[in-house]
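**Student:** Just dropping this structure here.
FYI, it's all coordinate maths here, none of it is from the lab. Keep in mind that what you see is a predicted model, and the values were worked out from it rather than measured. Here the Cβ positions follow ideal geometry from the backbone for every residue, glycine too, while neighbour counts run over all protein chains shown.
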Amino acid sequence: MIETIHPAQNLSGAIRLPGDKSISHRWAMISALAEGKTTIHGYATGEDCHSTLGILTSLGIEVEDKGSEVSIQGKGLDGLQAPTRDLDAGNSGSTIRMMSGILAAQPFVSRIHGDESLSKRPMQRVMTPLAEMGANIVATNGKFPPLEIHGGKLKAIDYSTPVASAQVKTCVLFAGLFCDGDTIVREPIRTRDHTELALRMFGADVRSANNVITIKGRPHLTAKDLTVPGDLSSSAFFLSAALMIPNSNLVIGGVGLNPTRTALLDYLVGLGAGIKILNVGEQHGELVGDILVRGSVQRPGQISGALTASLIDEIPTLAVLGAATHGLDVRDASELRIKETDRIATVAENFQRAGIEIEVREDGFTVPGNQKFRAAQFDSFGDHRIAMAFAVASLVADGPSEIHRAEAASVSFPEFYETLKRITA
Ligand code: S3P
């Protein structure tokens, strides 16, 4: 599908975003292992989180999917059934990596695969700790999906993750649910902690301090009635757009403000952006509030070290913002090369199409500021965040632009183009 995006004069209005993708995956998976029926309001509408629901269904879990309201009939820790077909994670790295922790502990064999992009993404990061716990996982060429997971009784481990990855942490903690005793994960950098918050909320004993997380095995998890906050990572597209287009005034309501995710807001405020946070409250252990944005950034951006890990999903749209404002330098970002696409390459390719200068390195890039986007034919390369980042770039181009393979946005945000058009009308 080709989406045509016109330059915008300003951006104004109030929007809400789909439910947070990271939280939706976790709440759905844990609900399946809890006793009783969990209802999740505001469940992420994107395809990724529906891949998770499809897999739970294949494992014998009753899922009632009414769009953004989902009910999951949990069967307890030992209630999953052997699937009769291969499990399909679609485009979702979170689904395959986090589910692997659960599947590795089951008394059956399962095979889990994904689409073309997922089939090229590395799985050793979860296979290594799961093998240490006693699981036998066979991967294509030793590292890629499909994974054939020979589940069984696992043993608790004390694992130091070499990569800063919340997916890996979650995989090990989920496997730890089925072990006797304490499973420990040590992270090199603090990553998003939705799993820890969710497990505690469902009744597990999870402790965390100084990037060390401990879970006590065999908890009794109980069903809940839940509402997912809006996805802060999806807000990045609208924040970038509002910060690039003069006289914009936007309110994004009911967004998740978990402190392990808000580096995005701190980063933008640090660049002088006019961002205010209002009406902050707590919902099921997660912070939620409204974001008000008015007024641009004043300085060039610098993203490196731990900040890179915290902003990893937002970097494509921050690159667009940097090009149109005061520039951006990104370092320590080799993880970008193994996301849904090689996001350094796909950002650079789209920049080139719009006449935007960028210096690319193996683990980052530098984009000079004050550049003008030429109207262009952009390509998502099948990556949702690239589709949306270049839809935002199109708003400041010198004529209408096209996003090819625009449908990729549906992986996390099916309503994206409609929402964008509403606030730029
Ligand atoms: C996610 C963690 C991050 C992020 C992804 C979602 C999660 O991946 O990029 O979009 O929900 O845990 P890594 O764990 O690979 O850093």
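**Student:** Place the peptides 169-176, 34-41 in order of packing, highest mean first, counting for every residue the other Cβ atoms within 10 Å and averaging per peptide.
**Tutor:** With the highest mean Cβ count within 10 Å placed first, the list reads 169-176, 34-41.
**Student:** Here's another thing I want to ask about it. Can you work out the FRET efficiency for the pair residue 131 and residue 37, with r the C-beta to C-beta distance and R0 = 35 Å, to the nearest 0.05?
**Tutor:** The pair residue 131/residue 37 has a calculated efficiency of 0.50.
**Student:** Can you give the helix-only mean residue ellipticity at 222 nm for the chain, where every DSSP H stretch with n ≥ 4 adds -39500 (n - 2.57) and the sum goes over all residues, rounded to the nearest 500 deg cm²/dmol?
**Tutor:** Details: 13 runs with 134 residues, N = 425.
Value at 222 nm, helices only: -9500 deg cm²/dmol.
**Student:** Under a crude label model (7 Å from the Cα following the beta-carbon direction), how far is residue 65 from residue 4 in nanometres?
**Tutor:** That separation, rounded to one decimal, is 3.3 nm.
**Student:** Mind checking the full-extension length gain between residue 163 and residue 249? Use 0.36 nm per residue of separation minus the Cα-Cα distance, one decimal, nm.
**Tutor:** Taking 0.36 nm per residue and subtracting the Cα distance, the gain is 27.1 nm.
**Student:** Going by average Cβ neighbours within 10 Å, how do the peptides 138-145, 317-324, 104-111 rank, with the highest at the top?
**Tutor:** The peptides rank, most packed first, as 317-324, 104-111, 138-145.
**Student:** For the chain, give the share of DSSP beta bridges that are antiparallel, in percent and rounded to the nearest 5; count only bridges with both residues there.
**Tutor:** If I count the DSSP bridges inside the chain, around 70 percent turn out antiparallel.
**Student:** Near the amide H of residue 159, under 5 Å away, which other amide H atoms are found, from residues 5 or more places off or on another chain, if H is placed in the peptide plane?
**Tutor:** HN-HN under 5 Å from residue 159: 184, 185, 186.
**Student:** Continuing with the same structure: Return the sequence-ordered ³J(HN,Hα) values of the stretch 407-420 in whole Hz as given by the Karplus equation 6.51 cos²θ - 1.76 cosθ + 1.60 applied to θ = phi - 60°, using x for Gly and Pro.
**Tutor:** Rounded to whole hertz, the list is 4, 4, 4, 5, 4, 10, 8, x, 8, 4, 5, 4, 5, 4.
**Student:** Moving on. Which cross-chain or sequence-distant (5 or more) residues have an amide H under 5 Å from the amide H of residue 304, H modelled 1.01 Å from N in plane?
**Tutor:** Under 5 Å from the amide H of residue 304 lie the amide H atoms of 331, each far enough along the sequence or on another chain.
**Student:** Same structure, new question: FRET efficiency for residue 421 and residue 349, Cβ-Cβ distance as r, R0 = 22 Å, nearest 0.05? Could the numbers behind the result be given before it?
**Tutor:** Values: r = 25 Å, r/R0 = 1.15.
The value I calculate is 0.30.
**Student:** Here's another thing I want to ask about it. Apply the Kirkwood formula to the chain: the hydrodynamic radius equals the inverse of the mean of 1/r over all pairs of different alpha-carbon atoms; give it in Å with one decimal.
**Tutor:** Taking every pair of different Cα atoms in the chain, averaging 1/r and inverting gives 21.7 Å.
**Student:** Follow-up. What does the charge count near residue 138 come to, summing +1 for each Lys or Arg and -1 for each Asp or Glu among other residues with Cβ under 14 Å from its Cβ?
**Tutor:** Working: positive: 111, 143; negative: 86, 148.
So the surrounding residues net to 0.
**Student:** Over the stretch 21-227, calculate the relative contact order: mean separation of alpha carbon pairs under 8 Å at least 6 apart, over the residue count, as a percent.
**Tutor:** 21 percent
**Student:** Measure up 21/216; 66/224; 66/421; 21/224; 153/224; 21/66 against 22 Å on the Cα-Cα distance and list the ones that go over. Walk me through the intermediate numbers first.
**Tutor:** Details: 21/216 26 Å; 66/224 17 Å; 66/421 25 Å; 21/224 18 Å; 153/224 28 Å; 21/66 17 Å.
Listed pairs above 22 Å: 21/216; 66/421; 153/224.
**Student:** Considering the dipole of the chain built from charges on the beta carbon (Lys and Arg +1, Asp and Glu -1) around the Cα centre, which of 10, 245, 281 is farthest to its positive end?
**Tutor:** Among 10, 245, 281, the one farthest towards the positive end of the dipole of the chain is 281.
**Student:** Still on this model: So what are the ³J(HN,Hα) numbers for the stretch 261-273, from phi and the Karplus equation (6.51, -1.76, 1.60; θ = phi - 60°), rounded to whole Hz, Gly and Pro as x?
**Tutor:** In residue order, the calculated couplings are 10, 7, 3, 4, 6, 4, 4, 5, 5, x, 8, x, 5 Hz.
**Student:** Same structure, new question: Roughly speaking, what is the centre-to-centre gap between the stretch 104-132 and the stretch 1-42 when only Cα atoms are used, to the nearest Å?
**Tutor:** 25 Å
**Student:** Could you grab the relative contact order for the chain? Cα pairs under 8 Å, six or more apart, rounded to a whole percent. If you can, show how the numbers build up before the last one.
**Tutor:** Numbers: 1052 pairs, mean separation 76.1, N = 425.
Contact order relative to length: 18 percent.
**Student:** While we're looking at this one, here's another question. Name the long-range amide H neighbours of residue 379: under 5 Å, sequence gap of 5 or more, or other chain; modelled H, no Pro or chain starts.
**Tutor:** Amide H to amide H, under 5 Å and 5 or more residues apart or across chains, residue 379 pairs with 404.
**Student:** Go through 411-421, 376-386 and give me the packing order, highest mean Cβ count within 10 Å leading.
**Tutor:** Ranking, from highest mean packing down: 376-386, 411-421.
**Student:** Using only Cα atoms, tell me the angle between helix 93-103 and the longest principal axis of the chain; keep it within 0 to 90° and round to the nearest 10.
**Tutor:** Once rounded, the angle reads 10 degrees.
**Student:** Run down the aspartates and glutamates and flag those whose C-alpha is under 12 Å from the C-alpha of residue 75, throwing out any fewer than 8 positions away in its chain.
**Tutor:** 35, 62
**Student:** Another question, then. Using θ = phi - 60° and the Karplus relation 6.51 cos²θ - 1.76 cosθ + 1.60, list the HN-Hα couplings for the stretch 65-82 in order, rounded to whole Hz, with x at every Gly or Pro.
**Tutor:** After applying 6.51 cos²θ - 1.76 cosθ + 1.60, I find 10, 10, x, 8, 10, 10, 10, 10, 8, x, 10, x, 4, 10, x, 6, 10, 4 Hz.
**Student:** Estimate the FRET efficiency between residue 280 and residue 342 by the formula 1/(1 + (r/R0)^6), using the beta-carbon distance for r and 30 Å for R0, to the nearest 0.05.
**Tutor:** Working: r = 37 Å, r/R0 = 1.22.
After rounding to 0.05, the efficiency reads 0.25.
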